[in-house]
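K.L.:
I have a structure I would like to understand better, so I am pasting it below and will then ask my questions one at a time.
The values are calculated or read from the model by the stated rules, or taken from the named source; none is laboratory data. A quick note: this is a predicted structure, and the numbers were derived from the prediction, not measured. All Cβ positions, glycine included, derive from the backbone under ideal geometry; neighbour counts span all protein chains shown.
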Amino acid sequence: MKFNYFYEFKCTGKMLKSIRASKELSQLELAELCDLSDSHIRNIENGSAHASLDALVKICNALDVPFERLITNTSAENSLSLSQIDIINGLDEEQQISCIEILNSFKHQKRGNEF
């Protein structure tokens, strides 16, 4: 894996906001789960404050997401995809299999229309 040594904190804030919203948590609720202030969560999300490593770990634990997901530089399109993945992960195994089968059928149908 290639690492970018110049870390963009605003990307983490955007990702944090996206993940928090996908879990239907307010900034205050997340702050309480992390034992941080809601203003600190808000400032991290809007990029006006940098989170310490300790704060990032607390946030990841509260959101039940891997650390890498929070700090990965992703576009808004990828953030939407991650929210959709969270929805699929919330399904039971049988529902996940059905969902994948449906997506695959759309994928094959689209390919058939391209010719």
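K.L.:
When you scan the stretch 84-113, how many residues do you find that are assigned to a helix (DSSP H, G or I), modelled with pLDDT of 80 or more and either exposed (fewer than 10 other Cβ atoms within 10 Å of the Cβ) or not aliphatic (A, V, I, L, M) (or both)?
P.N.:
Going through the stretch 84-113 one residue at a time, the tally reaches 10.
K.L.:
So, in the stretch 49-59, how many residues would count as being surrounded by 14 or more Cβ atoms within 10 Å (Cβ to Cβ) and farther than 11 Å from L30 by Cβ? Spell out the reasoning first.
P.N.:
Of the stretch 49-59, the ones surrounded by 14 or more Cβ atoms within 10 Å (Cβ to Cβ) are 49, 51, 55-59.
If we keep only those that are farther than 11 Å from L30 by Cβ as well, we get 49, 51, 55-57.
The number of residues fulfilling the criteria is 5.
K.L.:
Follow-up. How many of the residues making up the stretch 1-27 are surrounded by fewer than 17 Cβ atoms within 10 Å (Cβ to Cβ) and modelled with pLDDT of 95 or more?
P.N.:
Residues in the stretch 1-27 being surrounded by fewer than 17 Cβ atoms within 10 Å (Cβ to Cβ) and modelled with pLDDT of 95 or more: 1 in total.
K.L.:
Can you tell me how many residues within the stretch 28-48 are surrounded by 16 or more Cβ atoms within 10 Å (Cβ to Cβ) and in a loop (DSSP other than H, G, I, E, B)?
P.N.:
1
K.L.:
Still on this structure, I have one more. Would you pick out the residues in the stretch 43-83 that are at pLDDT 90 or above, more than 15 Å from K23 (Cβ to Cβ) and β-branched (V, I, T)?
P.N.:
I44, V57
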